[in-house]
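First the structure, in the form of structure tokens, and then the observations on it.
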Amino acid sequence: MTMYPPVTFDTVREIVRTLPEVEEGTSYGTPAFHVRKKLLARLREDGETLVIKTDFAEREVRIQLAPETFFVTYHYVGYPLMLVQLATVEPDDLRLLLEQAWRMVAPKRLIQARDGEGRGRRPPA
């Protein structure tokens with residue numbers, strides 16, 4: 001098992017700063033990240049848990065595989081959100097989750113622009 005440095009909200013901040021048009025603000029009085037006013041993730045009031053956008057299938061699988069890290073409370077059952085325990089999530093896994101969340105809230109053109117970065121594009125004919 002690989003040992004990682006502990007994940008903190010600063011880790012989350014570092015990761016989301018690599019994603020286009022993410023803005024830091026607040027949600028329910030806690031630090032949060034949005035893409036064009038759509039919630040990507042926020043720190044929960046306990047300061048140790050991240051609320052992150054996800055789809056229901058992904059959430060179900062992750063909760064089954066790692067309930068010590070991924071969970072929901074009754075409040076979040078009907079929403080495409082998941083709770084992530086920062087103390088137990090692996091940084092690479094968090095990076096993947098934040099990228100997926102970003103793709104759920106970012107406009108298609110922004111996603112296409114990001115996916116096209118660094119790839120050789122053909123000039124128009």
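The values are calculated or read from the model by the stated rules, or taken from the named source; none is laboratory data. Quantities reported herein were computed from a predicted structural model and do not represent experimental measurements. A quick note on method: Cβ atoms are made from the backbone with ideal geometry, for glycine too, and the neighbour counts reach across all protein chains shown.
Points worth noting:
- Cross-chain or 6+ apart pairs with Cβ under 7 Å, the stretch 8-35 first and farther than 20 Å from K108 by Cα, then exposed (fewer than 12 other Cβ atoms within 10 Å of the Cβ) and of a type in the set (V, I, T): A32/T26
- Among the conditions (1) in contact with an Asp or Glu (Cβ under 6 Å, 6 or more places away or on another chain); (2) of a type outside the set (S, T, N, Q); (3) buried (at least 17 other Cβ atoms within 10 Å of the Cβ), L40 misses just one, which is (1).
- Residues of the stretch 74-87 that turn out to be surrounded by fewer than 19 Cβ atoms within 10 Å (Cβ to Cβ) and either small (G, A, S) or within 18 Å of the chain's Cα centre (by Cα) (or both), as a count: 7
- Subset of the stretch 85-109 [at pLDDT below 95 and either farther than 30 Å from F71 by Cα or of a type in the set (K, R) (or both)]: K108, R109
- Taking first residues from the stretch 74-85 that are on the phi < 0 side of the Ramachandran plot and partners that are assigned to a loop (DSSP other than H, G, I, E, B) and basic (K, R), the Cβ contacts under 9 Å between residues at least 6 apart in sequence or on separate chains come to L83/R44.
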